[in-house]
Amino acid sequence: MPLSPFFLNGSPSEQRLVQDLVNEHLQLFGQDVLYLPRKIINQNTVIREITASKFDDSFRLEAYLVNVDGFGTPSDVLTKFGVRDQDEVTLVVSKERYDDFIAPFMKLFPESERLNAQTPNEGDLIYLPLDNALFEIKYIERKVPFYQLNELFMYEFRCEIFEPEDEVIDLPDGLTDKNGEDVDDGIITRGNIITLQLEKDDSQNAQAYVSLASTVPGVKSIQRINLIDDGNYKGTPTVTIFKPTKGVTAAGTVTIAEGGIDSVTLTGGGSNYLSVPTISFTPPNKTTSSQIKFGNNSLNHTAITDVIGANFHFTTNVDSRDTGNGRLSLSFWLYPTKFDPAVNGGTVMWTDRFKIYYRETGNIVFASGSGSIENTTQLNLNAWNFIRVEQYNTDATISVNGTASNSLNTANPIMFFAGDSLKLGADASGQGFIPSQTASFEGFLDHLTINLTGDNALRTNTATQVPTTEAQQETDLQTNVNSNFIRKMDNEFPSVIATTDATKTVTGLTINYEGWGYTSVPIMTFEDPDLGTQATAVAIMTSRAGVPNQSIDRILLTNPGTGYTTPPLVQFSGGSPVSVAIATAIVSEAVLGPIGITTGGKGYTFTPTVGITSVYIQQSNETIPLLQNAQAEAVVSTAGTVKEIRYSNAGAGYTSLAAAVSISSVTSNSYGEFDIDEVVTQVSTGTSAYVANWDTANNVLKVVAASGSFVIGETIVGAAASYRILSVGDDLSTDIPFAANDEIETEADEILDFSERNPFGEF
């Protein structure tokens, strides 16, 4: 059966009557309290725990105190962690009063600060002037009495004395307790204090420099990127600018003579050489290790090997005619592989003034002027022998492995005239000083040195030692004078220098050094034409009205690149696009290159303005080339330094002098004082906290109720102060009432001695 229509079971008028009676009862017999809603400062995103909160708003509300026999039993409890206050109260408030006078204001708070704006919440605070104490709402009974007349008329708050942890409490000005005394405003709990050691910031202005992207006429770079369609993205896309087009590689041929390159011929100039290319060669041929005295190679010579002359042409500083030059010493290492009686031995080296050769017996001979001298110490076959020839005025000697011959005294034993060429081996016609010797030596020759010592006597018999190192051979033992000429016979790469013209092609080749050790023609390789430098850019995102997600606001060049002949393709990737952006690149000549940071400065709490010297634009009615001033933006790191400068326009028409970069000065971050209870903020991250204490003398700032983490090196600012964070530390506060456990234990030990079996005495 349905309910009887003759009984209303809670009409609006009856419900209104009961609510009025509840309100009147509370106004007659209740207490004026303050309702302080909890606002969230920081919340754990995983377990939803509120780690920091504040109570900076309060609402006056009448409440009925249900307690009649005190604040619960027991009130204060001595625990193993100290004394704990367990006062409890039960308060009844009008639901209508909360809904009409508090709930509308709760809805004005940001959603991130409130869990529920419709009804009271556990965790909110009640200030009870009767006891001048703060109570935390632990539980709210929302259905008492249980749907009387089908409606709810009140809330029952079950509260416990508030135990502060990491909260900020701000009571209204002019608040008085039951005795009419003022209650301190701006109460800040000392639950978890963060100690910040601050350092007065030594701010420094940033500096930067810039040059042209390319100094080659006609070479183009990216001037700017025009955004055709800004797209629609969930994230930031990557901007890719295609590489410049590769040119044609130059080509050439090589001939060799006497172990090095003799000539180079350019067969193709290539194209798009924005800079002079480097030229490389395949390595010289290498002798086996057993046939090397010093270094990495030696000269391999046979009976039919052509003479070696071009690499042994001496300048005027090697001339033994002038007695003022002193003693001349020629030394080398010889590794003979054959003594041939049929050809009377072999010629080792000669000029138009002298000849050195060995006989079929293995004895070595020095011939010059009108005579010759032979060292009777036989050369070692298939082994290294050290030969030294010395000449001073009309005297000369030749030594083998440290044993010197008798002195040759002739009218003119001259070894060198200025400009003479030293040749190795002998040619078929037997050129050189008589006696004619048409056969070349067979074997290896290594590390030849010539030394004009400046002294006026031959080397003594005690100074004919055989060198054991390159350094010993290259320095005269008696005078400590360095050699005038050294040929190590090591593998040495040749050096060829290319030249280019305005057409960006190779036009000429010049041999800078012939190299050494080639027995076959090497391969000459030209550096590839400049690809230039691939341009790079980043997308700066923004939100558009009426468009979900994000769109590209602008594209900034981090490197304008170089070597472009036509505008390259610009592509976007990533960012989970709903629709893809479209952009085109504009290329120009005389564009500025990447901006280099000389110093990033320090202490920037704002993005500084970047200024670049303007390009001179002629004011004329005549047609002029495309000229445009560069524009750039700075990027500031979390440490307060300028870490990068990007172009919105890299300019065009700049001269080889390029331009100057100016960055606005940093505002000093070291000033002012912090006030207790004020909110301070970390500049880069927005992390905020309340000031608990400020030690001006030591620059120590203590804060509570932090909304995030503070980072060393960041700048923290208040209403009238700014400093850099030097260190961060957490302190467990000792300012909480009753948190004096050490003192309690010490005092208790004097009253009760628990070391005894019976602390109250023996029976």
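Has the stretch 686-708 got at least one residue that is under 25 Å from the mean Cα position of the chain (by Cα) and either under 30 Å from THR598 (Cβ atoms) or at pLDDT 85 or above (or both)? Break it down stepwise before answering.
Applying the first criterion (under 25 Å from the mean Cα position of the chain (by Cα)) to the stretch 686-708 yields none.
No, the stretch 686-708 has no match at all.
Listed here are the residues, each with its yes/no results for (1) assigned by TED's automatic domain parsing to the domain that holds LEU448; (2) in a loop (DSSP other than H, G, I, E, B); (3) of a type in the set (Phe, Trp, Tyr); (4) over 29 Å from VAL591 (Cα atoms).
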| site | (1), (2), (3), (4) |
| --- | --- |
| THR503 | no, yes, no, no |
| TYR518 | no, yes, yes, yes |
| MET541 | no, no, no, no |
| LEU556 | no, no, no, no |
| THR566 | no, yes, no, no |
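Which condition does VAL307 not pass, out of (1) at pLDDT 80 or above; (2) farther than 29 Å from THR562 by Cβ; (3) crowded, with 20+ Cβ neighbours inside 10 Å, if it passes all the others?
Unmet for VAL307, out of (1) at pLDDT 80 or above; (2) farther than 29 Å from THR562 by Cβ; (3) crowded, with 20+ Cβ neighbours inside 10 Å: (1).
Modelled with pLDDT of 85 or more, under 17 Å from ILE356 (Cβ atoms) and outside any loop (DSSP other than H, G, I, E, B) - does that describe any residue in the stretch 456-470?
Taking the stretch 456-470 as the starting set, the residues that turn out to be modelled with pLDDT of 85 or more are 466-470.
Now restrict to residues that are under 17 Å from ILE356 (Cβ atoms): none.
No, the stretch 456-470 has no match at all.
Testing GLY574 on (1) of a type outside the set (Phe, Trp, Tyr); (2) surrounded by 17 or more Cβ atoms within 10 Å (Cβ to Cβ); (3) in contact with a strand residue (DSSP E or B) (Cβ under 6 Å, 6 or more places away or on another chain), one condition comes back false. Which one is that?
(2)
Please give the strands (runs of 3 or more DSSP E) falling wholly within the stretch 686-729 in which 1 or more residues are surrounded by 20 or more Cβ atoms within 10 Å (Cβ to Cβ) and of a type outside the set (Val, Ile, Thr).
Working: elements: 688-695, 700-704, 715-717.
So the answer is 688-695, 700-704.
Inside the stretch 83-121, can you point out the residues that are crowded, with 17+ Cβ neighbours inside 10 Å, part of a loop (DSSP other than H, G, I, E, B) and either in contact (Cβ under 8 Å) with a residue 60 or more places away in the chain or touching a His at 6+ places or on another chain (Cβ under 8 Å) (or both)?
Of everything in the stretch 83-121, those that are crowded, with 17+ Cβ neighbours inside 10 Å, part of a loop (DSSP other than H, G, I, E, B) and either in contact (Cβ under 8 Å) with a residue 60 or more places away in the chain or touching a His at 6+ places or on another chain (Cβ under 8 Å) (or both) turn out to be ASP87, ILE102, ARG114, PRO120.
State all residues of the stretch 483-514 that are of a type in the set (D, E, K, R) and surrounded by 14 or more Cβ atoms within 10 Å (Cβ to Cβ); if no residue qualifies, say none.
The initial filter retains those residues of the stretch 483-514 that are of a type in the set (D, E, K, R), namely 487-488, 490, 492, 501, 504, 514.
Passing the criteria: ARG487, LYS488, ASP490, GLU492, LYS504, GLU514.
Taking into account only those residues within the stretch 545-560 that are out of contact with any Asp or Glu (no Cβ under 8 Å at 6 or more places or on another chain) and at pLDDT 90 or above, which is surrounded by the most Cβ atoms within 10 Å (Cβ to Cβ)?
Among residues in the stretch 545-560 that are out of contact with any Asp or Glu (no Cβ under 8 Å at 6 or more places or on another chain) and at pLDDT 90 or above, the one surrounded by the most Cβ atoms within 10 Å (Cβ to Cβ) is PRO560.
Which residue, of SER648, SER656, is polar (S, T, N, Q), touching a Lys or Arg at 6+ places or on another chain (Cβ under 7 Å) and either in contact (Cβ under 8 Å) with a residue 60 or more places away in the chain or part of a loop (DSSP other than H, G, I, E, B) (or both)? Lay out the reasoning, then the answer.
Values: SER656 fails: touching a Lys or Arg at 6+ places or on another chain (Cβ under 7 Å).
None of the others qualify; the one that does is SER648.
Residues to consider are ALA117, ALA103; find the one that is out of contact with any strand residue (DSSP E or B) (no Cβ under 9 Å at 6 or more places or on another chain) and modelled with pLDDT under 85. Reasoning before the result, please.
Values: ALA103 fails: modelled with pLDDT under 85.
When all the criteria are applied, what remains is ALA117.
When the residues of the stretch 410-454 are narrowed to those that are on the phi > 0 side of the Ramachandran plot and not in a strand (DSSP E or B), which ends up modelled with the highest pLDDT?
Here is the first cut: in the stretch 410-454, the ones on the phi > 0 side of the Ramachandran plot are 419, 425, 430, 432, 443, 447, 454.
Narrowing the set further to residues that are not in a strand (DSSP E or B) leaves 419, 425, 430, 432, 454.
Values: GLY419: 72, GLY425: 80, GLY430: 55, GLY432: 55, GLY454: 77.
Per the stated criteria, the residue is GLY425.
Hey, LEU330 hits all of (1) in a loop (DSSP other than H, G, I, E, B); (2) at pLDDT 85 or above; (3) farther than 16 Å from GLY443 by Cβ but one; which does it fall short on?
That leaves (1) as the condition not met.
Quick test of your reading of the structure: THR605 fulfils all but one of (1) crowded, with 16+ Cβ neighbours inside 10 Å; (2) of a type outside the set (Gly, Ala, Ser); (3) modelled with pLDDT of 90 or more. Name the failing condition by number.
(3)
Okay, residues lined up against (1) surrounded by 13 or more Cβ atoms within 10 Å (Cβ to Cβ); (2) more than 28 Å from SER688 (Cα to Cα); (3) at pLDDT 75 or above:
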residue: GLU156; (1), (2), (3): yes, yes, yes
residue: CYS159; (1), (2), (3): yes, yes, yes
residue: GLU165; (1), (2), (3): yes, no, no
residue: THR176; (1), (2), (3): no, yes, no
residue: GLY186; (1), (2), (3): yes, no, no
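Filter the stretch 215-236 down to the residues that are assigned to a strand (DSSP E or B) and either within 30 Å of THR278 (Cβ to Cβ) or of a type in the set (S, T, N, Q) (or both), then identify the one that is modelled with the lowest pLDDT. Lay out the reasoning, then the answer.
Of the stretch 215-236, the ones assigned to a strand (DSSP E or B) are 220-229, 232-233.
Remaining after also requiring either within 30 Å of THR278 (Cβ to Cβ) or of a type in the set (S, T, N, Q) (or both): 220-223, 226, 232.
Numbers: LYS220: 86, SER221: 89, ILE222: 91, GLN223: 92, ASN226: 93, ASN232: 89.
Ranking the candidates gives LYS220 first.
For VAL239, are the conditions met, namely being in contact with a Pro (Cβ under 9 Å, 6 or more places away or on another chain), of a type in the set (Val, Ile, Thr), crowded, with 19+ Cβ neighbours inside 10 Å and at pLDDT 90 or above? Steps first, please.
Details: in contact with a Pro (Cβ under 9 Å, 6 or more places away or on another chain): no; of a type in the set (Val, Ile, Thr): yes; crowded, with 19+ Cβ neighbours inside 10 Å: yes; at pLDDT 90 or above: yes.
So VAL239 does not fit the description; no.
What number of residues within the stretch 443-475 satisfy the criterion of being acidic (Asp, Glu) and either buried (at least 21 other Cβ atoms within 10 Å of the Cβ) or without any contact (Cβ under 8 Å) to a residue 12 or more places away in the chain (or both)? Outline the logic, then answer.
Within the stretch 443-475, the first condition is being acidic (Asp, Glu), and the residues that meet it are 446, 455, 470, 474.
When the remaining residues are screened for being either buried (at least 21 other Cβ atoms within 10 Å of the Cβ) or without any contact (Cβ under 8 Å) to a residue 12 or more places away in the chain (or both), the result is 446.
Matching residues across the stretch 443-475 total 1.
Tell me which of these GLU360 doesn't satisfy, since it passes every other one: (1) more than 28 Å from THR394 (Cβ to Cβ); (2) crowded, with 16+ Cβ neighbours inside 10 Å; (3) among the acidic types (Asp, Glu).
(2)
Please count how many residues of the stretch 379-392 are part of a loop (DSSP other than H, G, I, E, B) and buried (at least 16 other Cβ atoms within 10 Å of the Cβ).
Initially, the stretch 379-392 is screened for residues part of a loop (DSSP other than H, G, I, E, B), giving 379-384.
Still in the running and buried (at least 16 other Cβ atoms within 10 Å of the Cβ): 379, 384.
So the count comes out to 2.
Could you list, in sequence order, the residues of the stretch 572-595 that are under 12 Å from ALA213 (Cα atoms), in a strand (DSSP E or B) and not aliphatic (A, V, I, L, M)?
If the condition is that a residue be under 12 Å from ALA213 (Cα atoms), in a strand (DSSP E or B) and not aliphatic (A, V, I, L, M), then SER588, GLU589 are the ones that fit.
Restricting attention to the stretch 5-26, and to residues there that are part of a loop (DSSP other than H, G, I, E, B) and not aromatic (Phe, Trp, Tyr), which single residue is surrounded by the fewest Cβ atoms within 10 Å (Cβ to Cβ)? Outline the logic, then answer.
Keep residues of the stretch 5-26 that are part of a loop (DSSP other than H, G, I, E, B), which gives 5-11.
Cutting the leftovers down to not aromatic (Phe, Trp, Tyr) gives us 5, 8-11.
Details: PRO5: 6, LEU8: 13, ASN9: 9, GLY10: 14, SER11: 12.
Out of the qualifying residues, it is PRO5.
The values are calculated or read from the model by the stated rules, or taken from the named source; none is laboratory data. Every value quoted in this text rests on a predicted model; they were computed, and no experiment measured them. Backbone-built Cβ (ideal geometry, glycine too); neighbour counts: all protein chains shown.
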